[in-house]
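What follows is a single structure, written as structure tokens, with notes after it.
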Amino acid sequence: MRKKSLIYSLLFQGGILLLLFILQFILPTYHHSSVSKIMVLASYAVAYNFLLGYTGLMSLGHAMFFAAGMYAAGLGIYYLELSALGALLFGAAFTLVISLLFGLFALRTSGVSFLIVTLMFGQTFYLSILYFNEFTFGQDGFSLAKHLGKLVIFNKEYLYSNPDVRYNFALILLTAYLLISTLIMFSPVGRILIAIRENESRTQLLGYNVYYYKLFALVLSGTFSGIAGAMHALLFTYVGTTFAEIHHSISPILWTLLGGAGTVIGPLFGTGIMYYLVDIISGITSNYQLVVGAVLILMIIWFPMGIMGTLRQKWMKWLP
Amino acid sequence: MSSWINENGPLLFLALLDGTVTAFVLALIALGLSLVFGVMRIVNIAHGEFFMLGAVFSWFAFDLTDDPLWGFLLALVLAPALVGGIAVFSDRFILRKIKYHPESTIVATIGLLYVIQSLTLIVFGPEARAVEAPLYFRIQFPWFGYSGYKLIVAGMSALGLLGVWLLMIRSKLGLYMRATQQDLEIAKTYGVPTKKIYAAVFALGGGLAALAGVLVVPIRQADHLMGLEPLLLSFIVVIIGGLGSIRGTIVAAFIIGISDGIISVFYEPTLAKMLATLFVAMVLVLKPSGLYGEEVA
Amino acid sequence: MVKKDLEKVDQASELNLSRRNVLGAGALVAGAGIIGSQMIDPIAGIAHAAGSDAPIKIGFQAHRTGIGALYGRWYERTTNAAVKHINSIGGIAGRPVEIITEDDGTDPKRGADVVEKLATQHKVDFVFGTLFSHVVMGSAPRAGELKIPYFVVSEGYHVASGALNRYVFQPCITDVRAQISAVSGWMFNNLGKNVTIIYPDYAFGYNHRDYASAAAEKHGGKIVAKIAIPPTESSYTRYFVKIPKNTDVIYHVMVGPGVLTFVRELGEHFGPNHPQLFGFIDSLEGVNISSPGLDFLDGSHFWEAMPRYASAADSAGSRFYRNAVGVDNSGASKSDSKDVAAYSHMFGCWETLFAIKEAVEQSGYKSKKDYATLIETMEGFTGFNEGIAHPQGSKAFSGKTHQCYGQQFVSKVGNGKLNVVHKTSIADGMYEPETDYTKQSL
Amino acid sequence: MDEMAAVELLSTHGLTRQYGGLIAVNEVDFKLYPDRIHAIIGPNGAGKTTLVSLICGRTAPSSGRISFKGNDITGLSSAKRVQAGIVYTFQVTSVFSNLSCYENVALSVQRNLRAQQKGTSLLGKWNMVSEADIEQAVSKYLLEVGLEGVEAQIAGTLPYGHQKLLEVAMSLAAGPKLLILDEPTQGLAEAEIENLTQLIQEISKSVNVLLIEHNMEVVFNLADHVTVMDNGSILAEGTPTEIENNHAVQASYLGN
């Protein structure tokens, strides 16, 4: 019966990804590029959800990982003249280290303390980017446009910021993340992570060393967030502290909860809806933060399971 | 040695002086956060916004009366009351609905933070608005001068802290609060109206932050973004002091206030903030119970 | 356009010659003529959009929320006033101007989205109006990728430094480097040689630190201390003890809500006998000079890009502008005397729109396909003349750096207002260009 | 002594646990021998549950040692002890109430299966146990406790009695050497108790059982050996009959 739901959910996600693939040929320019941005941010949310949704750990410092990946990639390109791929790997490696170190400390705490520790580490990271501004270009950040090489496909050159390159790279990233999380969630490890979310001490008393599994989840989530950050740097050619600020740690919480924490595909919906909500609102009123705030509150009161969470509960029992 | 004193004596003196003032205000703000956590077991991310509202209200009071002293007194009474009202409202219609679940509460209060901030932007506008101090004089030390009002702020914060302490040990409310903090279930069985207590505590917490806002606004003007900084600082304080412990909170406020003063006088201020946040993270990791107060999890 | 018509005529005549049908030829020529005069392009319908009455759309990237909101509000008012005037005098190239405003929350990531949205969804002809330099840094790459002209009003050194791209212009507000080079000479020569500089701890502040130091060498002055203050700071007393005893002048530039506190605490620290003060008005944009606690500034000097307080010396253009944007003689909103303008920055919006007008009209810009000519035309500009279009004063413009250089003012605070005591020449601010955007491909 | 130690399955030496002033478990030397059902009885607050919590590692001792199969396990984490074969079944059922019964048992099964194939291969280490094996084992254990066919049901929706059985199934699936049952019959109806008693009898054939029980009838039906605790220390030990006739015990506890 697990096999059945695995197939179902792979089909379901495959369908959505296929839809996204087709969309790129139909979408008007603006939405074409919005959707590529949404897919990168959604990948970040998927990575975040891995921790919040499946392991039950809420972090208020994930911008640290996103920014770590972004800055590693960006500064790598700027100073070390890394290739795009090199930068991506460098970003991944760097966040892997960061999240491992972070996890070793932070996971000694849990619940509210964990939340605040993540907040504090995130803030420290943000401040250190400002502090070492000689090297990081501080608050202004920097543009990679001039330093980034070109992508060569069948000896044809493309800019990474080329709309089609951007769209499809984003799509590949998202696909990889969705696939990986689905497979993990259907593997024994995924079962244990969910058990930890449901009842940590009981899981421990089933003979699992909970700490290691939490560390695994955190490192995976952190590293994936970092890769998303690095990808963002490549495709959108700007690196700045705005991606290390606390707001950028709050966003994935919002996206994940709205889409449905603990559903693989949920964060994609959450991100898409929120992105367009802000986009439309900011056209109407100057005050989209008001809406974001209101959505957060209403959601947590009336809609704690989010969109896909509710769907799963009602109809799509097999949804991972 | 003596040369060092001659050179850095004034700096040290100022660091201590400034640090002490900061510490008192910080203690007042952090105490609100600490009470809320201690009794209700929740972290209120919107706490800094309550502080901001206090400052903003006192600008309106100043604008209304057009007299520093009367405006100040009016704000002193009104701001905490209004903010307390807002707190009660959000307790009743948000926190109670989500049963004070720790994580949900954090999300909800983040939402509250955004809402309060944007509404303030709409009503109050984006600029920083100055409020005249109720009474203002300058104290001349051999090396430099200092604001007399800052000392008054420290004094009044001290009174505020004393007031809370008396409330806790003398009043029935205080008794109830301590009972609820000890053990919610037992408190219930002994007929403590915990729902009311929760509302009261949340209002008290918000009120204290607002009070701090009123006191501080004449030495640093009011603007709609002023909430985040004190929020982070009082986090730091409350954690180092031990979540939920009043004594710890006050002690920690002094440690942070003065050390921040000293580090940023003798070294880089950004560095000071970096170290402070890192330090807090480490305290939480290595000594989760803080200086005083009980384990969190 | 005209050229095309001629071609058509030629084709037409060849055609009819081959047919030997003069009458038909006449008809065709006439026809071609008519077609031409109606400016309909039979090959591609592009010219439809650029029909004589279709408005020129200008996207305005506004800081309505976030830390830039105070400036943003005045930028918006100025922009609307400018557009009102431009339309009243027949628009741009006979076409009405339509402004489409999007809030970017003073956030670089939102900024890039906004540029995208304005360009590709609202299909604006140009994007303009960005102030905060980190937002410019975040948005400019997008403009470059979308190949849409992007006119900023930021006074940052990012354009002239070459950090951005060929589509980004700062045609009507002098960059901070030039401002500093222009006025610090006066400071060293009139206020004192030993200067302590107090600046915000990020890029904008570093520009002040670095170029003031450079100017010090030039004018035989000395920077005796450099004190950086983090933007989040809310109390400054502790920094003042670091000011050396031998300081003649305190050079201060602060941005954000802290400024009033900064000044008040400076007063408390020094009391009556204090060093000279030389500040950048950025600190007090939108702030009433006679706010509580600012009396300490009496007798101190400020850089102004455009005098906040009206005076007899003001040019006609300057008066016209002040009235058009609804600012009274003391630099506050006519409707609300508490609402003080960002007077030393907002003129940039007004002037930039006129610069766009000039560029469009000179290049014969009709639609997006004419971007290249428009950009080249603007790069051909050497300056703008003082007048209603440029009330702040005449400017030199460098096509290489995409940056303009204008006169600056030094004002002294006296009886609750700012009085101009010195006016720099444009040359005072000029420096050797460090980049050449014209070498970049379009 | 050493021979003795050899035959003991589990023993504690001067095991003590203090909560502030209160001494829940006081210098207890407890011995448990294989191949029999051992019961611990005693009034509320006698320290029974604290003792077993110490044994299965849920709480750390203030002092004293615990050894299992001859080696010291005092320092081991609760997880490690489960892996060693000390499995605890909760007094108040604590199944994963939001997960299906299948998942509940599978969680326990997969660890055990993995443990068996551990080291066999890298995959083994990456606990790649085939889902087929898991499914097979799960239904086996559910059958064993008489819960066949509940796989798909959400554990929280089972009747209380069945949740207790599910709990037992999870414990069995963990492959215990020593199964600790804390108040298994608590809150069960007569019929259910009857049924559970038989189940325990059944289990005890292959697994050593340590039983904490209030219900004397159950104790005297099942237990081969009984330890009586009072105020944190052992009051008496012996066969059920010996205990019944022990005056001290009667005085302090059986009371009638």
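What follows is calculated from the coordinates using simple rules that are stated; it is not laboratory data. Everything numeric in this text was worked out from a predicted model, so none of it was measured. Counting neighbours? That spans all protein chains shown, and the Cβs are built from the backbone with ideal geometry, glycine included.
Annotations
- Over all other residues within a Cβ to Cβ distance under 13 Å of C:Lys147, the charged ones net out to 0, with Lys and Arg as +1 and Asp and Glu as -1.
- Positive minus negative residues near C:Asp328 (Lys, Arg vs Asp, Glu; Cβ under 14 Å): +4
- With N the number of residues in segment B:24-131, Rg(Cα) / (2.2 N^0.38 Å) evaluates to 1.14.
- Candidate aspartates and glutamates - alpha carbon under 17 Å from A:Lys214, same-chain residues fewer than 8 apart omitted: A:Glu198, A:Glu200
- Debye intensity ratio I(q)/I(0), log10, segment A:220-291, q values 0.15, 0.21, 0.24, 0.25 Å⁻¹ (C-alpha model): -0.61, -1.13, -1.27, -1.29
- Annotation: lysines with alpha-carbon distance below 18 angstrom to D:Lys31 (same-chain offsets under eight excluded): D:Lys48, D:Lys69, D:Lys177.
- Around A:Val165: net Lys/Arg minus Asp/Glu count, Cβ-Cβ under 14 Å: +1
- Chain C, relative contact order in percent, only Cα pairs under 8 angstrom and at least six apart counted: 16
- Contact order normalised by residue count of segment B:59-155, Cα under 8 Å, 6+ apart, percent: 29
- Cα-based Lys pair tally, segment B:2-286, threshold under 26 Å, eight or more apart or on separate chains: 12
- Beta bridges assigned by DSSP with both partners in the protein assembly as shown are antiparallel in approximately 50 percent of cases.
- Computed [θ] at 222 nm, deg cm²/dmol, chain B (DSSP H ≥ 4; -39,500 (n - 2.57); rounded to nearest 500): -25500 deg cm²/dmol
- Label-to-label distance for A:Ile16 and A:Gln313 is 1.8 nm, based on points extended 7 Å past Cα in the beta-carbon direction.
- On the basis of the beta-carbon distance and an R0 of 45 Å, C:Thr438 and B:His101 show a calculated FRET efficiency of 0.15.
- Dividing the Cα radius of gyration of segment A:98-235 by its Kirkwood radius returns 1.07 for Rg/Rh.
- Anisotropy class of segment B:96-247 from Cα gyration tensor, a/c 1.5 cut: oblate
- Under 17 Å from the Cα of C:Lys242 - aspartates and glutamates, other chains or at least 8 residues apart: B:Glu7, B:Asp18, B:Asp260, B:Glu268, C:Asp201, C:Glu233, C:Glu265, C:Glu268
- For chain B, built as a Gaussian network whose Cα springs stay under 10 Å, the top-fluctuating residue of B:Gly205, B:Gly227, B:Gly191: B:Gly191
- Think of it as helices only: each DSSP H run of n ≥ 4 in chain A is worth -39500 (n - 2.57), and spread over all residues that comes to -25500 deg cm²/dmol at 222 nm.
- Chain A: C-alpha gyration tensor shape, a/c 1.5 cut-off, then a/b vs b/c: rounded
- Under the criterion of Cα pairs below 8 Å and six or more residues apart, the relative contact order for chain A equals 33 percent.
- For C:Asp336 and B:Gln182, the FRET efficiency from 1/(1 + (r/R0)^6), where r spans their Cβ atoms and R0 equals 45 Å, is about 0.25.
- Gyration tensor (alpha-carbon) shape descriptor, segment A:23-161, a/c threshold 1.5: oblate
- Each label was represented as a point 7 Å from its Cα along the Cα-to-Cβ direction; for A:Ser83 and D:Glu217 these points are 7.9 nm apart.
- From the C-alpha gyration tensor of segment A:1-74, square roots of 5λ in Å: 25, 24, 9
- Rounded FRET efficiency, nearest 0.05, which uses the C-beta distance separating D:Gln153 from D:Ser130 and R0 of 22 Å: 0.40
- Taking every alpha-carbon pair in the protein assembly as shown and binning the separations at 10 Å intervals from zero gives 2, 8, 15, 18, 18, 14, 10, 7, 5, 3, 1, 0, 0, 0 percent.
- Axis angle, to the nearest 10 degrees, between helix B:2-40 and the longest C-alpha principal axis of chain B: 10 degrees.
- Each residue, A:Trp302 and B:Ala81, gets one label point 7 Å from its Cα in the Cβ direction; the gap between the two is 3.4 nm.
- Secondary structure note: in chain C, about 35% of the DSSP beta bridges are antiparallel.
- Of the cross-linked pairs C:Lys226/C:Lys412; A:Lys150/C:Lys368; C:Lys109/C:Lys368; C:Lys57/C:Lys369, those separated by over 18 Å at the C-alpha level are C:Lys226/C:Lys412; A:Lys150/C:Lys368; C:Lys109/C:Lys368.
- Relative to one another, the C-alpha centroids of segment B:86-158 and segment B:21-62 are positioned 6 Å apart.
- Semi-axes of the equivalent ellipsoid of segment D:93-175 are 24, 11, 11 Å, computed as sqrt(5λ) over the eigenvalues of the C-alpha gyration tensor in descending order.
- Ratio Rg/Rh, restricted to chain C and using Cα atoms, in which Rh is the Kirkwood radius: 1.07
- Normalised by residue number, the volume inside the convex hull of the Cα atoms of chain D is 141 Å³ per residue.
- Rounded to two decimals, the Cα-based Rg/Rh of segment B:61-124, with Kirkwood Rh, is 1.12.
- One Cα centroid belongs to segment A:33-105, the other to segment C:327-349; the line between them spans 45 Å.
- For segment B:181-282, alpha-carbon Rg over 2.2 N^0.38 Å: 1.33
- Residues in segment D:216-229 carry Karplus couplings, in order, of 4, 4, 4, 3, 6, 5, 8, 5, 8, 9, 10, 10, 9, 10 Hz; the curve used is 6.51 cos²θ - 1.76 cosθ + 1.60 with θ = phi - 60°, and Gly or Pro positions show x.
- The phi torsions of segment C:332-348, fed into the Karplus equation with coefficients 6.51, -1.76 and 1.60 and a -60° offset, translate into couplings of 10, 4, 4, 7, 8, 5, 7, 9, 8, 7, 8, 5, 8, 10, 5, 4, x Hz, rounded to whole numbers, with Gly and Pro shown as x.
- ³J(HN,Hα), Karplus 6.51/-1.76/1.60, whole Hz, each residue of segment B:146-153, x for Gly, Pro: 8, 6, x, 4, 4, 5, 4, 4
- Sum of -39500 (n - 2.57) over DSSP H runs of 4+, divided by residues of chain D (222 nm, nearest 500): -11000 deg cm²/dmol
- Seen from every direction in turn and averaged, the convex hull around the alpha carbons of segment B:2-286 projects onto 16.2 nm².
- If a spin label sat at a point 7 angstrom from the Cα of A:Leu179 along the line to its beta carbon, the backbone N atoms of segment A:221-253 nearer than 19 Å would be those of A:221, A:224-225, A:227-228, A:231.
- Applying Stokes-Einstein at 25 °C and 0.890 mPa s to the Kirkwood radius of segment D:190-230, computed over alpha-carbon pairs, gives a translational diffusion coefficient of 225 µm² s⁻¹.
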